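Following: one structure in structure tokens, then a few remarks.
The values are calculated or read from the model by the stated rules, or taken from the named source; none is laboratory data. Since this is a predicted model, take the numbers as computed values, not measurements. Quick reminder, even Gly has a Cβ in these numbers, built from the backbone with ideal geometry, and neighbours come from all protein chains shown. Side chains are part of the model used for accessible areas, which takes the heavy atoms of the whole protein and leaves out ligands, DNA and RNA. Shrake-Rupley method; radii C 1.70, N 1.55, O 1.52, S 1.80 Å.
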Amino acid sequence: MAAAALAGGALAVDGAGLFAPAADAGTAPGNAVTVTVNGRRTTVTVDNRTSLLDLLREHLGLTGTKKGCNAGACGACTVLVDGRRVNSCLTLAVRLDGAEVTTIEGLGGDALHPLQQAFIDHDAFQCGFCTSGQIMSGVGCIREGHTGSAAEIREWMSGNICRCGCYVNIVSAVEQAAHGT
């Protein structure tokens, strides 16, 4: 019977030769990805396993997008990809070649976005950790047309967790930005 060993990330089987070690077990496969982030086109070579969140934070220095659960359950990492909201922790960067990504840093340009201002007006944050994801999700919710009522906003924003419990104020801020109320 062949003895298997896991060394340096490559599986080798002695004797039977069923598995051969990777050519360079110490280097993960990578690819170049070209994305437009906040209006700026950039090409970066990343490990194929790199999430969009890690591309933004670690490769591009855009730390406004937060790493909360890193499992798609909290929404702190929400950004817009081609105008649609996504959990950046669950999105592989190499799948986004040619995509347009908007983060909290690129949302308002030189002035505050109306939803950013509404968050201030309605005191829709406390600790602030979830705020960038809440705002990006709120922008997506407005663009998608899911702001017909407070209940609809709550439903469509339900993937974004606020540990401080500012939900009432968050819904009011989204309503203000969507309807000017």
Legend entry - Contacts under 7 angstrom Cβ, first residue in segment 102-119 being closer than 25 Å to Leu55 by Cα, partner in a loop (DSSP other than H, G, I, E, B) and polar (S, T, N, Q), 6 or more apart: Thr102/Asn38; Thr103/Asn38; Thr103/Thr65; Ile104/Thr65; Glu105/Asn38; Gly106/Asn38
Inset, instruction - Residues being without any contact (Cβ under 8 Å) to a residue 40 or more places away in the chain and open to solvent by 30 Å² or more (accessible area, probe 1.4 Å): count how many of those fall in segment 88-101. - result: 2
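Return yes when Gly17 is on the phi > 0 side of the Ramachandran plot, loosely packed, with under 15 Cβ neighbours inside 10 Å and modelled with pLDDT under 95 and no when it is not.
Details: on the phi > 0 side of the Ramachandran plot: yes; loosely packed, with under 15 Cβ neighbours inside 10 Å: yes; modelled with pLDDT under 95: yes.
For Gly17, the condition - on the phi > 0 side of the Ramachandran plot, loosely packed, with under 15 Cβ neighbours inside 10 Å and modelled with pLDDT under 95 - is met.
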Inset, instruction - All but one of (1) modelled with pLDDT of 55 or more; (2) of a type in the set (A, V, I, L, M); (3) more than 25 Å from Ser158 (Cα to Cα) hold for Ala71, so report the exception by its number. - result: (3)
Inset, instruction - Would you check if there is a residue in segment 81-93 being at pLDDT 95 or above, more than 14 Å from the chain's Cα centre (by Cα), of a type outside the set (Lys, Arg) and part of a loop (DSSP other than H, G, I, E, B)? - result: no
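Could you say which residue among Thr36, Thr65, Thr42 is hydroxyl-bearing (Ser, Thr, Tyr), more than 22 Å from Ala178 (Cα to Cα) and buried (at least 18 other Cβ atoms within 10 Å of the Cβ)?
Thr65
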Inset, instruction - Could you tell me whether any residue of segment 99-110 is in a strand (DSSP E or B), over 13 Å from Ser172 (Cα atoms) and not acidic (Asp, Glu)? - result: yes
